[in-house]
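The values are calculated or read from the model by the stated rules, or taken from the named source; none is laboratory data. This is a predicted model, so every value here is computed, not measured. All Cβ positions, even for glycine, are placed from backbone atoms using ideal geometry, and neighbour counts span all protein chains on display. These area figures cover heavy atoms from the full protein model, side chains too; ligands, DNA and RNA do not enter into them. Shrake-Rupley method; radii C 1.70, N 1.55, O 1.52, S 1.80 Å.
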Amino acid sequence: MKNLLIVSSTKNSNYELSNDIKEFFDKKKDILCSVISLEEFDLPLYTPGLEETFKSSNSFPDDISKVKELLVSSDALIWCSPEYNGGISPILTNTIAWISRATEDWKDGFKDKHSLICTSSGGNGLNFIEGFRLQLDYLGAFVMDKSIVKTKKKEIEKDEFLEILGKFYSQIS
């Protein structure tokens, strides 16, 4: 059985989108699917000075390792995040910064894992998709060429939604 993790940056419309995606995968007998929201984790704002403070006291926040373990233990990842000011959301960037600076085997959370990028955004979300695709590629993930994009002005069509999820399912099963 494959372990699919859906990571929602926020508890708003991206969390709703995550749960809609989970419903699709819950019907598959060979997929164990779970959803997390990065808002559930208590991660301080990453700064090099704070990292040094944690290193010197050997006391990084436990939630850094929790998020990393969830990523590492997954077989595939779906990322749902809004576009912030034409880019990647701060909470997503902060999370990746912390796990990359505070844990040893963090690359195993990305390397050679199939990933699908999704967004529910006020704007068109495409800058987030493009920017995050570059980052995931850099981290060694296999990023699906299509994405799910939902905006305030445009809902995603059900057929397109099912087609994209079906293609991703065929890649990971």
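Calculated FRET efficiency, Asp105 and Asp137, Cβ-Cβ r, R0 22 Å, to nearest 0.05?
Calculated transfer efficiency: 0.65.
Normalised by 2.2 N^0.38 Å, where N is the number of residues, the alpha-carbon radius of gyration of region 8-87 equals 1.34. Could you tell me the distance between the Cα centroids of region 102-170 and region 26-58, to the nearest Å? About 18 Å separates the Cα centre of region 102-170 from the one of region 26-58. Determine the shape class of region 41-86: with a ≥ b ≥ c the square roots of the Cα gyration tensor eigenvalues, call it rounded for a/c under 1.5, and otherwise prolate if a/b is greater than b/c, oblate otherwise. Since a/c reaches 1.5 but b/c is at least a/b, the shape of region 41-86 is classed as oblate.
If a/c stays under 1.5 just call it rounded; otherwise compare a/b with b/c (prolate if a/b is bigger, oblate if not). Do that for region 101-173, with a ≥ b ≥ c from the square roots of the Cα gyration tensor eigenvalues.
It is oblate, given that a/c is not under 1.5 and a/b is not larger than b/c.
Note on Lys27 and Thr47: their simple-model spin labels are 4.9 nm apart, each label 7 Å out from Cα toward Cβ.
Given the pairs Lys111/Lys150; Lys113/Lys153; Lys29/Lys111; Lys2/Lys28; Lys28/Lys150; Lys2/Lys29, which span a C-alpha to C-alpha distance of over 20 angstrom in this model?
Pairs exceeding 20 Å: Lys111/Lys150; Lys113/Lys153; Lys29/Lys111; Lys28/Lys150.
At a probe radius of 1.4 angstrom, the accessible area of region 1-90 per residue rounds to 51 square angstrom.
Within the accessible surface of the chain, defined with a 1.4 Å probe on protein heavy atoms only, the carbon and sulfur portion equals 50 percent. Using every pair of distinct Cα positions in the chain, the Kirkwood expression returns a hydrodynamic radius of 16.4 angstrom. Quick check: the angle from helix 48-57's long axis to the longest principal axis of the chain, C-alpha only, nearest 10 degrees? Taking Cα atoms only, the helix is inclined about 60 degrees. Taking a straight Cα-Cα cut-off under 17 Å and skipping sequence neighbours fewer than 8 places away in the same chain, the aspartates and glutamates within cross-link reach of Lys146 are Glu83, Glu130, Asp137, Glu155, Glu157, Asp159, Glu160, Glu163. For the chain, the longest principal axis of the Cα atoms and the long axis of helix 13-26 meet at an angle of about 70 degrees. Helix 90-102 and the longest principal axis of the Cα set of the chain meet at an angle near 50°.
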